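Okay, structure first, notes after.
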Amino acid sequence: MYTFISQSVEGYRTYKEKTEIPLVDQGTVWLLGTNLDSKKGSNGSGKSSLLLSIPRNLYGLLTDDDMHGKSNCILTTEYIYKKKTYKIYQFRKLTKDRKEKFIQELKDSGVTNLKTDKDSFKNSGYKIIINNKDVSKHGIPDCRKQIKDIFRITEDEFFGYVFVSPNKTNALINGTSPE
């Protein structure tokens with residue numbers, strides 16, 4: 001059983017500043033936002049962005065369309081699985097100052113074995129933390145495989161388990177049959 005602790009976004013879609021959503025022991029989490037008219041079809045309040053940031057972090061790479069502005073996008077998903085605490089950070093186009101601040105934030109949170117040399121900590125990539133220890137592989141493709149190995153449910157199963165989206169209603173159970 002996966003227990004989601006929190007999700008945070010920074011520089012992601014409508015969120016310029018860091019925004020964290022606590023998820024543990026919340027029961028149903030209702031997201032409220034003021035709907036605004038937009039020519040792009042988005043109402044701009046950020047509810048969908050928050051929901052979609054979890055699978056984007058666990059299953060996909062951030063794109064320029066995901067970023068609020070041209071730099072400093074960080075997604076963080078924290079969850080517990082089999083008595084281990086996982087933090088998956090995906091970051092993209094960090095400026096030198098934001099990268100230094102991010103490294104300091106990781107150190108201040110007690111992360112051990114933190115790899116910060118220029119080869120293992122670039123301006124875009126992942127940090128995979130298990131029980132406060134940096135276990136990140138070298139390079140984005142290896143980190144993507146590592147995430148797939150430690151977060152074992154598929155994206156379709158995730159959407160079925162975790163929430164019902166406006167465009168695709170799923171039973172909140174795992175299964176392939178209509179019931």
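The values are calculated or read from the model by the stated rules, or taken from the named source; none is laboratory data. Note that the coordinates shown come from a computational prediction; the quantities given were computed from them, not determined experimentally. Positions of Cβ are generated from backbone atoms using ideal geometry, with glycine treated the same way; all protein chains shown enter the neighbour counts. Heads up: the accessible areas ignore ligands, DNA and RNA and are worked out on the full protein's heavy atoms, side chains in. Shrake-Rupley method; radii C 1.70, N 1.55, O 1.52, S 1.80 Å.
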Item checked: Output for region 49-85, where each listed residue is open to solvent by 60 Å² or more (accessible area, probe 1.4 Å), more than 17 Å from residue 10 (Cβ to Cβ) and free of Cβ contacts under 8 Å to residues at least 40 places away in the same chain -> 82, 83
Item checked: Leading residue by the ranking (modelled with the lowest pLDDT) among those in region 162-172 that are open to solvent by less than 100 Å² (accessible area, probe 1.4 Å) and either β-branched (Val, Ile, Thr) or within 17 Å of the chain's Cα centre (by Cα) (or both) -> 164
Item checked: Tally of residues being open to solvent by 20 Å² or more (accessible area, probe 1.4 Å), part of a loop (DSSP other than H, G, I, E, B) and modelled with pLDDT under 95 across region 115-147 -> 12
Margin query: Can you go through 38, 71, 42 and tell me which one is outside any helix (DSSP H, G or I), small (Gly, Ala, Ser), in contact with a helix residue (DSSP H, G or I) (Cβ under 9 Å, 6 or more places away or on another chain) and modelled with pLDDT under 60?
Written below: 42
